[in-house]
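Each remark here refers to the structure printed beneath this line.
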Amino acid sequence: MKVILALDAGTTNVKAILVDQQANILARSSVPLAIQFPRSGWVEQSAGEIWDAASQAMERCLAQRGDCEPIALGISNQRETLAAWNRVTGEPVCPCVVWQCRRSAELCQVLRKKGVEEMIRLKTGLQVDPLFPSGKIQWLFENRPDLRKLADVGDLCLGTVDSWLVWNFTRGKRFVTDFSNASRTQLLNLAQAAWDSELLALFGVPASSLPEILGSNEHFGEATLGGKTIPIRGILGDSHAALLGHGVFEKGKVKATYGTGSSLMTLCDGPKTGDKRVSSTIAWKLDRIQYAYEGNITVTGSGLSWMLSLIGLNDLEAAVKLAAESEDNGNVYFVPALAGLGAPYWDEKARGSIVGLSFGTRKEHLVRAALEAIAFQVKDVFDAMEETAGLRLNTLLTDGGSSKNDWLMQFQADLIDRQVLRSQTAELSGLGAAFAAGLGCGFWSSAVEVARVVVPHHAFFPKPDGRVRGLVHLWDRAVASARAFAGATDPGP
C-alpha cells in the first residue's frame, strides 16, 4: 500500500505517522525530547537529540507496517527555534536556541531605541520580540566570536529545525527551508518573498549562512532511511501544517493550536501589516504563496503544567476534572506571563500574576484559573484578528493537547460566541505535512481532494451565559494589573 510518511518535530516530542489516501493514520510513533533551562529565561535543546529522536520515531513507525510503501516524506517542525552547525563537519556548533528563549530581549530593546521596529514590522509582518530567530542569531554572534568567524568564511549554517533535519536526511547535500518557516525568521521580506538585504545587514547575518527557500511542496531532496531513499516533498512550520491539516483553504476560519504555547492563524489576501497586535506571515506556498494573519501566545498549556507543579498536584487529568466541576473560579485569575506576553500585547516585560486570592481559595480554583487563562488569551487574539481581517470570523478550529478537554472547548465557544470545531486527529501538524508532501508528489491531486478527506470535527456551540462579559472584564483588569506591576518594578537601563 502506498502511503505518505510524515514527521512532526515538536518542542516536547518528535512524532512520525503513516497516512493513506483517505487521511487515515495507519501507524504512529513518538519519541520525547528534553529541554534545558541553563539560565533564567534561556531555553535550549540539543540539535543532535532532535535528529536522533526523528530517526527513531520514523524507524519505529515504519516497522509497524511492513505492508506500506512510503512514496514521500513530509516534515512539520517547531518554528522559530534556531539550529547552528558547521557546513564542513555537519556537527552542531551550539545548542538549539528554542523559540521560548528570551536571551535576546535586551537586543530587542536596543532595536526599539534605534527606531527600526516599524521598519522591521512592515517588511516582515512580525513584531520585534525575542521569539524570532533574527535576534537569536545576533545574540550568538555577539557572544560567540567563533561562530562569527565560521560565518565569515562561509562555513556556518543557520536554520530552523526543518533545515537541520533535511541536512541530515540528505547527508549534507541540501541546505533548504520552505516559505512558511522562512517567514518566521524575521529576515524574510514578505512582499518580495525573499531574504531581505537590509534586515540581514541590521542583524549582521551573512546570506551564505541561510538556507535556500523553496515552495512548501517542492522537492527538498532524498531522505536516506534504512538503505532506501524517500523524496522529501513537503515542509511546513507546525502551526501552518495544522491549518492545512484542518483543511482550511478559504478565509473566515481560524485555527487555534493548544500546545505548550498557542498559535491562531487565519488566511488573508496579502502581506498586510496594518495592525501591530497581530502578525502577518506566509501560510504556505503550494501552487502560489498564501498569506495569513497569526497571533502567537507564549504560555498556555505550559502555564497549566506550571500551576500544577506549583501547588503540588501530579495527576493532570484528575486536577483538571476537579477544576472543571467547580462551580466557578473562586474569583481567581491567572495571567501566565511567565515569559512575557505575546499577542495581542507583545509585552516582554510582563510577568505572571495570580489575582483574587482569599482565605477561601482552594487548589481547584487555581487550576481552574490556569485553564480559563488559556481560553481568555485565545479570545484576546481572536478578537484582534477579527478586527484586523475586517470580516466576521465564523469558526474556530482547534487542535493540540488542551483541546481534548470538553469543558475548555465549551468555555472557549461561550467566550468568543462562535462555534468551536475540534479535530479528532491528534497528529494534526503531521497530517498537514503529509498533505503538503502528498500534493507535491501527486498522491492527492488538488486542495479540493484534500478537503474531502479531512477528518470530521467535534462541534461545540456557544451557550447563552450572562456571566461571560463580567468574566472577561475581570480578566482584562488582571492583565492590566500584571503589565502595570512589571512596568512599575522595572529598574530601567
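Could you please find all residues in segment 302-312 being surrounded by fewer than 21 Cβ atoms within 10 Å (Cβ to Cβ) and assigned to a helix (DSSP H, G or I)?
If the condition is that a residue be surrounded by fewer than 21 Cβ atoms within 10 Å (Cβ to Cβ) and assigned to a helix (DSSP H, G or I), then 302, 305, 306, 308, 309, 310 are the ones that fit.
Identify, please: which residue in segment 456-468 is in contact with a Leu (Cβ under 8 Å, 6 or more places away or on another chain) and over 10 Å from residue 413 (Cα atoms) and is, among those, surrounded by the fewest Cβ atoms within 10 Å (Cβ to Cβ)?
458
Name, by its number, the condition in (1) buried (at least 18 other Cβ atoms within 10 Å of the Cβ); (2) without any contact (Cβ under 8 Å) to a residue 24 or more places away in the chain that does not hold for residue 192.
(1)
So how many residues does segment 123-176 have that are in a loop (DSSP other than H, G, I, E, B), over 21 Å from the mean Cα position of the chain (by Cα) and not aliphatic (A, V, I, L, M)?
Residues in segment 123-176 being in a loop (DSSP other than H, G, I, E, B), over 21 Å from the mean Cα position of the chain (by Cα) and not aliphatic (A, V, I, L, M): 9 in total.
Evaluate the following for residue 201: is it surrounded by fewer than 24 Cβ atoms within 10 Å (Cβ to Cβ), out of contact with any helix residue (DSSP H, G or I) (no Cβ under 7 Å at 6 or more places or on another chain) and outside any loop (DSSP other than H, G, I, E, B)?
Yes: the conditions hold for residue 201.
Being part of a loop (DSSP other than H, G, I, E, B) and out of contact with any Ser or Thr (no Cβ under 8 Å at 6 or more places or on another chain) is the requirement here; does residue 55 meet it?
Considered against the rule, which asks whether it is part of a loop (DSSP other than H, G, I, E, B) and out of contact with any Ser or Thr (no Cβ under 8 Å at 6 or more places or on another chain), residue 55 comes out as no.
Output the number of the condition that residue 408 fails; it satisfies all remaining conditions of (1) of a type in the set (A, V, I, L, M); (2) closer than 24 Å to residue 235 by Cα; (3) under 23 Å from the mean Cα position of the chain (by Cα).
Tallying (1) of a type in the set (A, V, I, L, M); (2) closer than 24 Å to residue 235 by Cα; (3) under 23 Å from the mean Cα position of the chain (by Cα), residue 408 fails exactly one: (2).
Just checking, how many residues over segment 77-107 are touching a residue at least 60 places away in the same chain (Cβ under 8 Å), in contact with a Gly (Cβ under 6 Å, 6 or more places away or on another chain) and crowded, with 21+ Cβ neighbours inside 10 Å?
3
Could you list all residues from segment 395-412 that are buried (at least 21 other Cβ atoms within 10 Å of the Cβ) and in a helix (DSSP H, G or I)?
Across segment 395-412, the qualifying residues are 402, 403, 408, 409, 411, 412.
None of the figures in this text is laboratory data; all of them are computed from the coordinates on show. Fair warning: this is a prediction, and the values are worked out from it, not measured in the lab. Neighbour counts run over all protein chains shown; Cβ positions are idealised from the backbone, glycine included.
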